[in-house]
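I have placed the structure first, in the form of structure tokens, so that the comments after it can refer back to it.
The values are calculated or read from the model by the stated rules, or taken from the named source; none is laboratory data. Bear in mind the structure is a predicted one, so any value in this text is a computation, not a measurement. With ideal geometry, Cβ positions are generated from the backbone for all residues, glycine too; neighbour counts draw on all protein chains shown. Surface accessibility is based on the protein's heavy atoms, side chains included, excluding ligands, DNA and RNA. Shrake-Rupley method; radii C 1.70, N 1.55, O 1.52, S 1.80 Å.
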Amino acid sequence: MDDNTAASQGNRGLLSGVKGKNINHSEPNMKTRSLRSSIAKQSFVHDVELGHKVGVFGALLTVVGTIIGGGIVGIPFATLKTGIWIMLVLHFLNFVWGIYSVHLLLEAKNISGLSSFSELGYYCFGRASIFMINGLVALAQCGMPIVYFMIVGSIGNGLLSKISSIKDEFWSSTTFSILVVGVLLFYFAIKKEIQELKGAGFVLLSGVILFIIFMSILLIAEGTGPFDFGDLSKPKFDLETLANVPTIFLAYGFQSAFFPAYTSLKDKTDANGIKTTVGSFTFCIIVYVATSIVALLKFGTDLKGNILENVSDLDGAIPIIISIIFLLIAMMHIPIVLFVGKEAVLIIIDEIMRKSYSTLPRATIDNAYSLRDSYHVNKAANDQEGKAYLTMHPVIFYGVSIFIYVSIVTLACVLKDITLVFGVIGSLAGSYLIFIAPSSFYLMSIRNEGADVSFLRKLIAWIYLILGLVIMLTCLFATIYTASV
């Protein structure tokens, strides 16, 4: 363990960056919170060594790799349904909300001395947080592979239709494409460990840039579609608009992966954490807006919920290249995203069966997200630390893993509307990650440590928390209602 790690552990629980610590708990509550704090701060694994430290740009790539994905095919349709100006406002609000949510996470870290969702969750809410946080992570991370498989099915259907003269046959259907990719990726779905993917951020960055370039070439080569700027820019205030808002929440929801990116920094300061967030969000806004503009110019009111469905309907080499680019991006994402969701489910099951994490809690969720970083457990430490579920009976481990994977592939084959998946996941997981988790961690850390924080700052955090709950319930209702009518 290096001096910095030792110092970090030695200073846990101390207020850094918050002035005037003032403990004023009642005696019974103080003992309970002190015990929970002691367990959280001492039993989580911190004896780790990152393979290499990175600068702000390296951390930025990690965050971009977490954010960029299915959003670039779903946001153009959301823009069509809400209106260009409303979507631009939503992009700006997500930029502001994203920075503020990271600010709250950093403040919670400074107050509590804990720097992961798992640690903060157990510290703030006890055993219930194991089910709550992992449940929402499982929803988001098992839901996104469904989206990716649906996209893969759409791409495969389009590509196979172009090389086959037989139409509407099973082998050229979306279901066939999903099943083929499902079989190809099955090996990764049941793995206990996935080694880090070096340069994943660079690959994603390159793929997204190529995607936009070839979409622009397609627009220039074939011209615009049925495009009426006046109609597309007109704000639309109805339930369908609300049902499309979660898509953008999901496209910007990265908060559970912030701390792994933060801990990979050479210089771990709050300023660098904010710089990483600002840079990542700026890049993502440019990508999302550029993709939406090109898609709307090209397809106009004919734009579908999945832009690649429009692309697959076109003839020529450029549409095929665009489809292949995103097919590779999606296939690269599925194993990593699925691994995180699978681990979250296994943690819940293991906690129910053996109470492995409440008895000896570990920073588990973040270990999975750290696959995108150079994360290596110290060889002197137990390799199973933080992953108690790995000691589950093999029948249970592989049985659950296969069940999750088969369920995801089956749902991808059955579900027809990608916007419904975006809506449900974005409403629940997106709202939690962006609004509810950061604000609740911050407020509970203040209470547990008795930090002397101004009333105004606490009031803003409470408003932010309530806003998240309102957005979650409103958008979820709008999504389900519009899907049923």
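Scan segment 103-153 for residues that are closer than 17 Å to Gly253 by Cβ and of a type in the set (Asp, Glu) and the total you get is 0. In segment 89-196, counting only helices (runs of 4 or more DSSP H) that sit wholly within it, the ones holding 2 or more residues that are modelled with pLDDT of 80 or more and of a type in the set (Val, Ile, Thr) span 128-163, 174-184. Looking at this structure, is Leu443 at pLDDT 85 or above, of a type outside the set (Asp, Glu) and surrounded by 17 or more Cβ atoms within 10 Å (Cβ to Cβ)? Here the answer is yes, as Leu443 does meet what is asked.
Regarding Ser264, is this residue in contact (Cβ under 8 Å) with a residue 12 or more places away in the chain, more than 21 Å from Ile212 (Cα to Cα) and in contact with a strand residue (DSSP E or B) (Cβ under 7 Å, 6 or more places away or on another chain)? So Ser264 fits the description; yes. Looking only at segment 446-485, residues that are in contact with a Ser or Thr (Cβ under 8 Å, 6 or more places away or on another chain), open to solvent by 20 Å² or more (accessible area, probe 1.4 Å) and aromatic (Phe, Trp, Tyr) come to 1 in all.
Taken over segment 378-414, the residue count meeting the criterion of being open to solvent by 40 Å² or more (accessible area, probe 1.4 Å), modelled with pLDDT under 80 and not polar (S, T, N, Q) is 4. The residues of segment 231-267 that are open to solvent by 50 Å² or more (accessible area, probe 1.4 Å) and under 19 Å from Asp302 (Cα atoms), listed by number, are Asp231, Lys234, Pro235, Lys236, Glu240. Quick check on my filter: what residues within segment 304-318 are within 18 Å of Ile220 (Cβ to Cβ), under 28 Å from the mean Cα position of the chain (by Cα) and either open to solvent by 40 Å² or more (accessible area, probe 1.4 Å) or touching a residue at least 60 places away in the same chain (Cβ under 8 Å) (or both)? Of everything in segment 304-318, those that are within 18 Å of Ile220 (Cβ to Cβ), under 28 Å from the mean Cα position of the chain (by Cα) and either open to solvent by 40 Å² or more (accessible area, probe 1.4 Å) or touching a residue at least 60 places away in the same chain (Cβ under 8 Å) (or both) turn out to be Ile307, Val311.
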